[in-house]
Amino acid sequence: MNKLAPSMLSIDFGNIERDIRLCREAGTDYIHVDVMDGLFVPNISFGPPVIKYVKKAAEDTPLDVHLMIEKPERYIEEFKKAGADIITFHYESTEDPLKVVKMIKNEGLKAGVAVKPKTPVSVLEGMLPELDMALVMSVEPGFGGQSFIEGSLKKISELRKMIENINPECDLEVDGGIKADNLSEVLQAGANVIVAGSAIFSGDIKKNVIDFLRVMK
Ligand code: DX5
Ligand code: ZN
């Protein structure tokens, strides 16, 4: 099933509750929460205290938390306490990704692993049986509003094939530069969870969500 995950990085932080409510009213599946530590990526966003507040606003809409932090194993428990439902961390951010996947699952959460644009999806193959989600970054992580890297389409279809062979239950999420005009090709390549930040939170939020969902469902 296809799912939409609007990225909070582009939300109006003065109106978090209002804008999350608009996404929910329009039928969003998840809220995507980007956590950046200024080390793994050259930007700092927010951490557990803010996520607790977002969780309240999101009510029963699951929080899809994307950790762009070094050594995510240090904080899994805290992000669970803050309200994460799915935790995705970066393959490149830790020495033993499989161990971190197990930590997340032991907390009773869904676990995902992300790869940066220059990391081949083949690194995920051995872990796929354990994963609830695999995330292909289609921009260099760190900032919203960048352009989709075209080479990502090939990675998405390659990963889709691997998922079908190894663990068809695993979701394939794509994050970065997705807009109304390239959404269809990202879905066609094999993505089933779509992250969109600037495309959702600029202009009419409710309409943007509805327009995306119309193409997706
Ligand atoms: C980038 C983040 C994305 C970002 C997407 O590091 O992981 O979730 O907010 O923003 P857009 O959709 O504007 O590219
Ligand atoms: Zn993200």
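The values are calculated or read from the model by the stated rules, or taken from the named source; none is laboratory data. Values in this document were obtained by computation on a predicted structure and should not be read as measured data. Positions of Cβ are generated from backbone atoms using ideal geometry, with glycine treated the same way; all protein chains shown enter the neighbour counts. Accessible surface areas use protein heavy atoms only, side chains included; no ligands, DNA or RNA. Shrake-Rupley method; radii C 1.70, N 1.55, O 1.52, S 1.80 Å.
A few notes on this one:
- Index of the failed condition, residue 188 passing every other in (1) away from ligand 1 (no atom under 16 Å from the Cβ); (2) in contact (Cβ under 8 Å) with a residue 12 or more places away in the chain; (3) among the polar types (S, T, N, Q): (2)
- Flag for residue 197 being within 16 Å of ligand 2 (Cβ to nearest atom), open to solvent by 30 Å² or more (accessible area, probe 1.4 Å) and in contact with a helix residue (DSSP H, G or I) (Cβ under 7 Å, 6 or more places away or on another chain): no
- Among the candidates 176, 144, residue that is free of Cβ contacts under 8 Å to residues at least 40 places away in the same chain and within 14 Å of the chain's Cα centre (by Cα): 176
- The residues on offer are 132, 204, 211, and the sole one that is open to solvent by 40 Å² or more (accessible area, probe 1.4 Å) and within 15 Å of ligand 1 (Cβ to nearest atom) is 211.
- Of all the criteria given as (1) among the aromatic types (Phe, Trp, Tyr); (2) more than 12 Å from ligand 1 (Cβ to nearest atom); (3) touching a strand residue (DSSP E or B) at 6+ places or on another chain (Cβ under 6 Å), the one not satisfied by residue 75 is (3).
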